[in-house]
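The values are calculated or read from the model by the stated rules, or taken from the named source; none is laboratory data. This one's a predicted model, so the numbers in the text were calculated from it and none came from an experiment. Because the Cβ atoms are built from the backbone with ideal geometry, glycine has one as well, and the counts that use them run over all protein chains shown. In case anyone asks, the SASA skips ligands and DNA or RNA and just uses the protein heavy atoms, side chains included. Shrake-Rupley method; radii C 1.70, N 1.55, O 1.52, S 1.80 Å.
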Amino acid sequence: QVHIVESGGGLVQPGGSLRLSCVVSGIFFERSMMGWYRQGLGKERELVASIGGGGDTNYAYFVKGRFTMSRDNAKNTVYLQMNSLKPEDTAVYYCHVLLSTSWGQGTQVTVSS
């Protein structure tokens, strides 16, 4: 059974930073493609960033240059370093095992002064 737990969300001022973490169990993590998604209030869930087993990353245009996704296979963990946060980044952020139906419960990120 796949188990995904996100953490690291919170309230931050515009221009600030947060680092999200996602610990995964129940899968062959090293070979799993992982993604961070987000869903704002009243909006559809959208892909923010993804990372392959080899560490290759892809980013949505609206976070490129501000967010960095990484992974630590020894800890079965992926991270999302978010810098220069904007109010429009406010959303629930979800960790997802790509090409599966496995999602975490989400962690709230609120960017506000």
| note | Per the filter on region 50-66, residues without any contact (Cβ under 8 Å) to a residue 24 or more places away in the chain and part of a strand (DSSP E or B) are THR57, ASN58, TYR59
| field | Failed item, numbered, when SER70 is tested on (1) more than 22 Å from SER25 (Cα to Cα); (2) among the hydroxyl-bearing types (Ser, Thr, Tyr); (3) surrounded by 13 or more Cβ atoms within 10 Å (Cβ to Cβ) | value | (1)
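Residue check: is VAL12 β-branched (Val, Ile, Thr) and more than 17 Å from GLN105 (Cα to Cα)?
Values: β-branched (Val, Ile, Thr): yes; more than 17 Å from GLN105 (Cα to Cα): yes.
Judged against the criteria, VAL12 is a match.
For region 80-89, check the following and say yes or no: at least one residue is closer than 13 Å to GLN39 by Cα and either modelled with pLDDT of 95 or more or not aliphatic (A, V, I, L, M) (or both).
Taking region 80-89 as the starting set, the residues that turn out to be closer than 13 Å to GLN39 by Cα are 88-89.
Filter once more, so that each one left must be either modelled with pLDDT of 95 or more or not aliphatic (A, V, I, L, M) (or both): 88-89.
Looking through region 80-89, at least one residue is closer than 13 Å to GLN39 by Cα and either modelled with pLDDT of 95 or more or not aliphatic (A, V, I, L, M) (or both).
Is it true that VAL63 is within 21 Å of GLY10 (Cα to Cα), open to solvent by 50 Å² or more (accessible area, probe 1.4 Å) and touching a strand residue (DSSP E or B) at 6+ places or on another chain (Cβ under 7 Å)?
Numbers: within 21 Å of GLY10 (Cα to Cα): yes; open to solvent by 50 Å² or more (accessible area, probe 1.4 Å): no; touching a strand residue (DSSP E or B) at 6+ places or on another chain (Cβ under 7 Å): yes.
No.
Could you look through region 76-101, keep only residues that are assigned to a loop (DSSP other than H, G, I, E, B) and either hydroxyl-bearing (Ser, Thr, Tyr) or open to solvent by 40 Å² or more (accessible area, probe 1.4 Å) (or both), and pick out the one that is farthest from ARG45 (Cα to Cα)? Walk me through it before giving the result.
First, the residues of region 76-101 that are assigned to a loop (DSSP other than H, G, I, E, B): 76, 83-86, 90, 98-101.
Then drop every residue that is not either hydroxyl-bearing (Ser, Thr, Tyr) or open to solvent by 40 Å² or more (accessible area, probe 1.4 Å) (or both), which leaves 76, 83-84, 86, 90, 99-101.
Working: ASN76: 24, ASN83: 21, SER84: 21, LYS86: 18, THR90: 12, LEU99: 16, SER100: 16, THR101: 14 Å.
Checked region 76-101; the qualifying residue farthest from ARG45 (Cα to Cα) is ASN76.
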